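Let me begin by presenting the structure, written as structure tokens, before commenting on it.
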Amino acid sequence: MTRAGALLLLCTALLLIGECDNICPALRDSIKLFISGSHEAYIEHVEKYNKTTDVLETADTLKSCTDKSLTAEDKQDASHALVGQIYSSSLC
């Protein structure tokens, strides 16, 4: 797995530390869009929750970097690992 994939795993693990009701399905959907969704679909998803220019620009940059840096195999591995971690969490 590439460095970008490892960073993605670390960030998701940090999100799972806090206790929030119904975060698991929303997190799963966000991860799938970030890793495998289209650029436009991911930005629209982010925009539903935050319309701040800085946040949207950052989301755009991160999605572009992910799309360029991760291979199809990296994306598949990261998606399976992250979604598996989400649902193996005691919070879910």
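Any read-out appearing in this document is the output of simple, stated calculations on the displayed coordinates, not a laboratory observation. All values derive from a computational prediction rather than experimental measurement. Glycine gets a Cβ as well: all are built from the backbone with ideal geometry, and neighbour counts include every protein chain shown.
Details
- For segment 22-49, filtering for residues that are surrounded by fewer than 16 Cβ atoms within 10 Å (Cβ to Cβ) and either in contact (Cβ under 8 Å) with a residue 60 or more places away in the chain or hydroxyl-bearing (Ser, Thr, Tyr) (or both) leaves 2.
- Cβ-Cβ under 8 Å pairs, at least 6 apart or on other chains, segment 56-69 side in a helix (DSSP H, G or I), far side among the acidic types (Asp, Glu) and surrounded by 12 or more Cβ atoms within 10 Å (Cβ to Cβ): Leu56/Glu47
- Any chance Ala72 is over 12 Å from the mean Cα position of the chain (by Cα) and within 23 Å of Cys24 (Cβ to Cβ): no
- Condition met for Ser64 (among the small types (Gly, Ala, Ser), closer than 15 Å to Leu33 by Cα and surrounded by 16 or more Cβ atoms within 10 Å (Cβ to Cβ)): no
- When restricted to residues that are surrounded by 13 or more Cβ atoms within 10 Å (Cβ to Cβ) and of a type in the set (Val, Ile, Thr), segment 67-92 contains 2.
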